[in-house]
Amino acid sequence: MSSGGNKQLNKNQLFKRDKIRNARFIRAQTLKYDNAKTPDLSKENAATLNVHNFIDSRSYDIEQLFISMKNSKSSNSTRVFQSLPRKLRRRTASHNIKRIPKRMRNRAKREMNKNNLQSDINTVTTKKNGKKLNSKELYKAKMSLKLLRLFTKSKQLKLSISDSLTVSTSHKSIRQKIAFLHKLIKDYTKDKSLTDINNLLNNINGSFDNTGINQLSKISHNRIKYLKRQNNFNWLSSHIWNAKRSHMIKRWGFQIPYAPTQKCYRLTHRLGGNTAASDGALCMDSSYIGTMILSHTDNTKVNEVIKIISNSKAIQSKYKNKLYWFEGLCYNFNGDVLGPLDLLWISENTVMIRLHPSFFETIFNSILDYDNEFNLQDCRFSLSSILIRGAKTLTALSSIIRTPNPSESFNQFINISSISDYSSLPKRSIFAFNSIDPRYLSTPSPIKPKKKTTSDDILKLQNNLPADEITNILNKLSDPKERNLSYRNQNSLKQLAQRRRQLLLKKPGETKNQISFNEGKDPKIPLLLVKRPKSNDWLLILPWHWLLPFWYQLNRISRVYHIGLRQLQQLNYENQQLYFPDDFPFTKAGHLENSIFKRDSNSKKWERKPIGKRLNYTKVKNIHAMDLPSVKGEIGDYFSCDWEFLRILRNGINYLLQKEGKLTMVSSSRTSSFDEKTSLRNLNVLNDIIELYKDSQAKKENNELVPVILSSKPEKYPLDLNKAPIQLSIIETPLKVTPISCTFLEKGHPADYARIYHIPKEHYKHWLQVANGIYRSDGKRDHEIEHPKPDINHLIGFVTSGTYHQGQGRGVANGFVDSSSLETSKQNYVLIRNVGTNVYRIAKASLIDI
Amino acid sequence: MQEKGYRLIRKCPSIKTMAHKEIKTTIYVKSITPYVSALKRITKCLETLDKHGATYVKVLGMGKAIEKTLSLGCHFQENKNRKVDIFTKSIPVLDEVEVEDEDEAKDKDKDENKDGNEEQDSDRETIMKKRTVPGIELHIYP
């Protein structure tokens, strides 16, 4: 024992001391000054300091100072966590010991103790309110543990609980569930032969095919722990992964990633947009889009149904016999448009249909009602899909997919896998093959095509399509038994790790990157990879429980990012396409989205603001050339596209023009009057029409009826005047609207719900000049011109999604206008005004192909 | 120029392959690319060449854009005193075409259809046809 003097430090302590010393040490540059040759750098002449030279001469020192500051800060406070790039950081509450991976927990505890962070550790061990569990809670906790144990045991025995424990039974008491599992395990261990072979799983992970045949599938899961949380909104198989990295949204019976927690507006534009500079890919778990497989022994029946739901578009021989992917609109059996439809004919008798969850069940039930001979599979929980887009899509996929046997379709895929701009591929780009478990690859790496990709490889896709092979795989994908077979011997992570360890024993020269495929034992996964012709993105369709392995591997690849619904909407907007449901006001889902969900949230946001800080819409002045007595400030609803208003306005104008021959804004002699017999409002001038709208708003009954219908091209149609009373027909005749995309010609950012106006004839000359550009004397565009204002009767539509377009560098707005107001042949110019403003901007409108 | 018996539906872009260095140091000039923004992009690209381990910026233009590409090259050669290599190329591109029926009667039917239902354009069956386009490649050295 040494008395006094320096204490002997051990190796570890020495290392630490040196580390801190090194970190605190600031390096400096030694400069040799030769007074004769180099004058003082700091001075140009004796009197003035040359800042540039001075800083240049000290730049090394300044840099070192910063480095040292950073080092000494980090050297003192090391934690088990590395400092990761922003994108990879995701674990919140790192003070919570329970959230730290087990292998790091002890170290983290030690580090926290050292830094006197006791309180943080304590928060974990006790409950939030500081109380211990009471006996009831303790009992509950014990029981749920018991349940989990029993469940694990049943999984180990490969017992299927799929039919017995579903979301619908999750309300059963924990004791009932335990009793059920007990009995299941007991029966099986007593006499194995008595157990029905169908109740046995073919893998240890609990994966099974969950298809409802001629009925909606029961929602069941292979993780009982999370069953109760999914009573109303089901999880996708990648839910836990996504929930850590994205904001989730509960819609249409699913929990869907809404947007990544990381900011990604520009990233989405750059990678997903249509540019040659994209060097990555964006992917999304699109399994919430439901798949159904329709088949019938009589192919005319299938044809009839498809004819109805696609409005006879998907029954052309191109789609029917030649494996083209169909993208279009889905129609209800009564002729209403429901939303987008994706469809692929597998054979003459079998079709794969992909539908949005908001109307999946409607179509499913209507098909069953149509004919009960159908074999209709609900594959919502047995087929999943990944949506990928961006330049790296094909390269990324080729790095995770490997086939067990040689396959022509896979070869074709590899040959074109290095292509980054896939819009040069043919409309029909479809690949289907068996794949091995992607987790067999230790590190995903792309398979390079043997020679450079040329246009001949692309022509081969068109001319030498291995149709038989593809149909074969498609048949496997559409057969519940085959899907179930694909889970046979699906390896657990533990089994995979064991197999990977054996790779280390391989001799040098042999590949250690991939676990070799065992032909008899290992699963083969049928995959369908297809390019969607209109959306110009790729869909990977595969059995439900295989999604996660592919998803994990895909997200390991550099420059592959996950996105959510918000980004899909952004990409659709940037490509000037419509996004379901926000840009589909002519469908029920779109109408609800606009006039209920978004309207509510916007109005609440506005109401939360103090009166002084929010815009008073009723007091916005000078919106129109002429103020009507019935209108105060902004027209229509402030927080949504008010289609109801537009319908009554356009129908009313139509009526007045047909009746009177000309449009009078307001009657100066008298105020509005009512008919004595019917007590309905007399309609003579435009002001009466607005009053009529107010009346209809006051006694609004049915919110769910869609006020507009789609007309994909401009058309003139007269209002039926014979219907009585005319007031009712003005209120109830649906308005035909056409989707347009408007590009601003000068300044201005359009916002959602902006109003679209028709240019009045008398102002057309002025606005044409503005469109061509009015310049100041210094050659710059003049933005300070006084513009004439249109009137309320010139309102023709609303913007459903509008903002500044990153690709075009100017404002672009997608919206809908009254079909009769569009000119068919002429260049269409429109005026756009944001809600609550009185500034009009001219924009060029073009039709959106739908 | 259109071949007889085919109707052009869409011109496909040239074939681009995925390589990080290529993407970061290649600039495609289109006929609608503004001259000055192309200049700015090339200049910016020249500054970050080292980062991507490349020695030159590749500027590509084909067909109608050849003239613009060449004038960009001249700008860097004459005004900026950069070394510029120029290569001529012929680039195979693909066209999406529709096979026109020789039968006149059918043609007429189609025309009528067109008037009645123009949106069917996207639903028509098309094939890809190869075509060669002249092009130019510039290597601009820093």
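Some notes on this structure:
- Members of the range A:314-351 found to be basic (Lys, Arg) and on the phi > 0 side of the Ramachandran plot, listed by number: none
- Residues that are buried (at least 21 other Cβ atoms within 10 Å of the Cβ) and among the hydroxyl-bearing types (Ser, Thr, Tyr), drawn from the range A:683-699: A:Tyr693
- Residues of the range B:1-59 satisfying the condition of being among the aromatic types (Phe, Trp, Tyr), more than 9 Å from every other protein chain (Cβ to nearest Cβ) and under 30 Å from A:Pro426 (Cα atoms): B:Tyr6
- Matching residues, the range A:492-541, being among the charged types (D, E, K, R), under 30 Å from A:Ser424 (Cβ atoms) and either in contact with a Pro (Cβ under 9 Å, 6 or more places away or on another chain) or within 14 Å of another protein chain (Cβ to nearest Cβ) (or both): A:Lys531, A:Arg532, A:Lys534
- If you go through the range A:293-309 and keep only what is without any contact (Cβ under 8 Å) to a residue 40 or more places away in the chain and within 25 Å of A:Ile473 (Cα to Cα), you end up with A:Thr300, A:Asn303.
- If the condition is being in contact with a strand residue (DSSP E or B) (Cβ under 7 Å, 6 or more places away or on another chain) and within 11 Å of chain B (Cβ to nearest Cβ), then the range A:455-479 contributes A:Ser455, A:Ile458, A:Leu459, A:Gln462.
- Count of the range B:85-114 residues, restricted to those that are closer than 29 Å to A:Gly328 by Cβ and either assigned to a strand (DSSP E or B) or at pLDDT 65 or above (or both), is 8.
- Here B:Thr25 fits the description: among the hydroxyl-bearing types (Ser, Thr, Tyr), over 30 Å from B:Val97 (Cβ atoms) and either modelled with pLDDT under 85 or crowded, with 18+ Cβ neighbours inside 10 Å (or both).
Every residue, every condition in (1) closer than 30 Å to A:Asn536 by Cβ; (2) modelled with pLDDT of 90 or more, yes or no:
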residue: A:Leu565; (1), (2): yes, yes
residue: A:Ile596; (1), (2): no, no
residue: A:Lys604; (1), (2): no, yes
residue: A:Leu615; (1), (2): no, yes
residue: A:Lys632; (1), (2): no, no
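- Selection over the range A:797-850 of residues that are without any contact (Cβ under 8 Å) to a residue 60 or more places away in the chain, more than 14 Å from every other protein chain (Cβ to nearest Cβ) and farther than 29 Å from A:Gly272 by Cα gives a count of 2.
- Residue match in the range A:198-218 (condition: within 30 Å of A:Thr362 (Cβ to Cβ), among the hydrophobic types (A, V, I, L, M, F, W, C), modelled with pLDDT under 80 and in a loop (DSSP other than H, G, I, E, B)): no
- Any hit, the range A:245-254, residues being without any contact (Cβ under 8 Å) to a residue 12 or more places away in the chain and either part of a helix (DSSP H, G or I) or closer than 16 Å to A:Leu571 by Cα (or both): no
- Qualifying positions in the range A:404-428 - at the interface with chain B (Cβ under 9 Å from one of its Cβ atoms), outside any helix (DSSP H, G or I) and surrounded by fewer than 19 Cβ atoms within 10 Å (Cβ to Cβ): none
- For first residues located in the range A:262-277 and farther than 13 Å from A:Ile563 by Cα, partners that are surrounded by 17 or more Cβ atoms within 10 Å (Cβ to Cβ) and lie 6+ apart or on another chain with Cβ distances below 6 Å form the pairs A:Gly273/A:Glu574; A:Ala276/B:Tyr28.
- Condition check for B:Ile23: in a helix (DSSP H, G or I), farther than 13 Å from B:Pro142 by Cα, touching an Asp or Glu at 6+ places or on another chain (Cβ under 8 Å) and of a type in the set (A, V, I, L, M, F, W, C): yes
- So A:Asp437, is it farther than 25 Å from A:Ser295 by Cβ and away from every other protein chain (no Cβ under 14 Å): yes
- Residue within the range A:226-238 that is modelled with pLDDT of 90 or more and touching a Pro at 6+ places or on another chain (Cβ under 8 Å) present: no
- Test result for A:Leu368, touching a residue at least 12 places away in the same chain (Cβ under 8 Å), in a strand (DSSP E or B), more than 25 Å from the chain's Cα centre (by Cα) and more than 14 Å from chain B (Cβ to nearest Cβ): no
- Residue, farthest from the other protein chains (Cβ to nearest Cβ), within the range A:379-403, restricted to residues that are under 30 Å from A:Asn214 (Cα atoms), polar (S, T, N, Q) and surrounded by fewer than 24 Cβ atoms within 10 Å (Cβ to Cβ): A:Ser382
- The set of residues from the range A:773-790 being under 21 Å from A:Ala813 (Cβ atoms) and out of contact with any Lys or Arg (no Cβ under 7 Å at 6 or more places or on another chain) comprises A:Arg781, A:His787, A:Lys789, A:Pro790.
- Residue in the range A:756-772 that is in the same structural domain as A:Lys716 (by TED's automatic domain parsing), among the basic types (Lys, Arg) and surrounded by 14 or more Cβ atoms within 10 Å (Cβ to Cβ) present: no
- Taking the range A:224-239 as the range and being within 19 Å of A:Phe550 (Cα to Cα) and out of contact with any Asp or Glu (no Cβ under 8 Å at 6 or more places or on another chain) as the test, the residues that pass are A:Trp235, A:His239.
- Test set (1) within 14 Å of chain A (Cβ to nearest Cβ); (2) modelled with pLDDT of 85 or more - B:Asn117 fails condition number: (2)
- Of the residues screened, A:Thr350 is one that is farther than 26 Å from A:Tyr422 by Cα, of a type in the set (S, T, N, Q), in contact (Cβ under 8 Å) with a residue 24 or more places away in the chain and more than 14 Å from chain B (Cβ to nearest Cβ).
- Within the range A:271-307, the residues that satisfy the criterion of being crowded, with 19+ Cβ neighbours inside 10 Å, within 29 Å of the chain's Cα centre (by Cα) and either within 11 Å of chain B (Cβ to nearest Cβ) or part of a helix (DSSP H, G or I) (or both) are A:Leu271, A:Gly272, A:Ser278, A:Asp279, A:Gly280, A:Ala281, A:Ile306.
The values are calculated or read from the model by the stated rules, or taken from the named source; none is laboratory data. Given the structure is predicted, the values throughout are model-derived calculations rather than measurements. Glycine gets a Cβ as well: all are built from the backbone with ideal geometry, and neighbour counts include every protein chain shown.
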